[in-house]
Every structure is written in C-alpha cells, then in structure tokens.
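Chemist: Here's a structure for you.
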Amino acid sequence: MYFESKITVDPKEISHIERIKPTKAFKKILFYLTSGNVGKKEVRQTFTAVSILQQINRVCVGQGISNIIRLSHDGIDFYFDEEGKKDDLKEALDTYDLEMNEEMSHFFKNLSMILEHEDENFKYLISIDIYKNHDVGKFPIQIKITGLLKDFKANEETTAEMKEKFKSVFTSQESIDAFRIEKREFFNNFVNSFKMNFQKLMHVDSVETDIKTKVIVPKKNYNRVSEIGNSPDYSFEYDYYYNYHGFDSFYLYTLAWSSFNHEQSYDFNDTHFETEMGENLGFAENMESSSPIFSEDSYSVEDTTLMSDTFEESPAVLEEVGGSSSESSSWFDFGDSSSDDGGSSFDDGGSSCSSCSSCSSCSSCSSCSSCGGD
C-alpha cells in the first residue's frame, strides 16, 4: 500500500501566472532549449514554460522540498542525481554540463522535474510535468506526489521477512483499516499544504487534487527488490522505481502487501490496484483479499486482462481536459508580454533576481531562500 495524489491546474489559469526571467539553473535550461533553430513563437512558449517550472520549484522550496532527483525535457536529462545528494537544487546545473547537439536544440514538448522529500511518516516523490501542446487527456501542469510508508523501509529483507514485520503491526482487520486511515490523513495534510502553498505563491485559484490509496498486485513472485530491476518486462516509466537513489529500500513492502493481506484475510477498502510494472488494474470499494488473484501462487499469470477482470474500472478523475488535440496549439502561447522579450530575456547574466518580488532587495539568488538559490 502507498498513496498517490495528482494536482492539476485549470488551463484557463495559465495565462494568469506571472512570467519572470529564469535565473541560475533554469536560465541554463532556457539556453539549451532555445539556442537552436527555433522561431520567436517557440522561444516565447519555452520562456513561459521554463519560467513556470522555476516558480513551481520555488513553491517546493517554500514547502521545505529541496532535494532534486531529475531535470529533463522530452526524456533528455539536464541533471540526474545518482548519489542521493542533499539540498542539491542549486548545484544541479552549476556542476552539470551538456554538449550542445541537435537533440537539445529543438522546441520542447514536455519539461519534467522530479524531487524527493521525507517527513516522519513518508518518503515522497514529487513529479512535476509541464506539457506545451494542447493534447486531449493532459493538463498543461501536472504534479504527482507519491507517499511511501517509512514504517516498512527495508534494505536486505526478503518478502517473507517483510510479512513477519507486518504481523507485528497488524493483528486484525480493524487495526489495518485504522492504520490506513491514519496514514492517509497524514498524506492528505501534506498534499493540502502543498496545494495551498502552490495557490498562494503562483496566484492561481483553480487547483484540483485527487488522492488514491494504491496496492500493487505483482504478476510474478519477487523475493527481493533487486529481482524486479532485472525483469525483462520491467517498465522504467514507473515513477518511484526509476533507479532513483534510496527508493528501492521502500519498494519491497509494496510487493509483499497484497499477498500478506491474502494470507491473513484482511480485505481491501477503497483501493486502486496496479501491477509492479505500473499497469492499472482497476478500483474496488471493497475487495475480499481471499481472492486467488492476491495469492503468490497466481503471480505466474501473464495475461493482465485476466487480472483486470477481477477489478472495477478506475473512476475517471482528473484524467481529461476539454478541447481538441492539436500539435500546433500551445497552452503557453498567449501573446507578447512585457516580461517576455523573446530570445534576449536571458542574456543579462542572471545575476539579479529583480523580477522576483519576494526577494527584490537581494543582489543574487544564490543566497535567497525564497528562490531556493535556483
């Protein structure tokens, strides 16, 4: 079991977000994305998207989130932390350089930033995506927060040993339900705090959240977490297990959860199910854990359709947005602005954050906690 929240911004709100000149690492991103053969329209759209990404970063800093894992566009990494560095947001692109090539010098489709955070209850993965084009089924700004339980962090244990740890915590259906409700409330508080911080600092009103309790039903029996990375079916699109440093120690308990509930006859309530590859299986208001689908003896079933027949269709929440698909239409193309002077907007060296109203008196963003030194 783990928790997931999707935070989305109404497309109509995008034009209300102030566009400020990107600084530090984000100025470098803008440079890479606009130094190629792109027109003024693409430069303006890219400027807007990078500016929004930097402001969302400042929202994260305001929430105390300062550990970045990944910065990328269209799957190309600007920065990837393989060591688990702390408070590395400022140094992300100061210490990392890319050779300018044809891949980097075209206008983007997607900008992505992934951060990690933790508190007393959870290890969080915060995934931020900004999509330029008006594609059906995608919001222009999507934030996904994953909360993994710190209670069951494991380094070397097997799934059998993990189940013994579960037994020491859960003694009845009532105890496991109470645990789920308590932890979901903690997660809900974190998400709501993030949402309010986002609305305040980004000056937007229409921000929606959706929180799910999720359980993994593996298609195979995994004894150790290291085995899943070696699976030929493994999908690297599964966010919280994309070789992110330190997250594997939280993954083992999620693999053991469904079969433990099956063995103890603890039912699932209001739960969304998926495979270990991130494939959606469905939703159930109440599911008897005695179903053979949750037994490790059934994990050899390769046909995902057979598994899906066990569950209800997941509720369609925050999945689509109105409008027709168009590669030429962009969320971020809303005319010229005094804050957007085309390609020259980032040629001033980035040494001043005069366009940041929260820290206009400082001479450099490197020492400004409001901007996160970015």
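Bear in mind that the values in this text are calculations on the coordinates, not laboratory data. Source: prediction; values computed, not measured. Using ideal geometry, Cβ is built from the backbone for each residue, glycine included, and neighbour counts are taken over all protein chains shown.
Chemist: Show me 288-295, 267-274 ranked by packing, highest mean number of other Cβ atoms within 10 Å first.
Modeler: Values: 288-295: 16.8, 267-274: 19.4.
Ranked by mean Cβ neighbours within 10 Å, highest first: 267-274, 288-295.
Chemist: Listed highest first by mean packing, meaning other Cβ atoms within 10 Å per residue, what order do 253-264, 75-86 come in?
Modeler: The packing order, highest mean first, is 253-264, 75-86.
Chemist: With the crude spin-label approximation of a point 7 Å out along Cα→Cβ, what separation in nm comes out for Asn189 versus His245?
Modeler: It is 3.0 nm.
Chemist: Okay, next question. In a shell of Cβ-Cβ distance under 11 Å around Ile65, excluding Ile65 itself, what net charge do Lys and Arg (+1) and Asp and Glu (-1) give?
Modeler: On the way: positive: Arg58; negative: Asp87, Glu116, Glu118, Asp119.
Around Ile65, the charge tally is -3.
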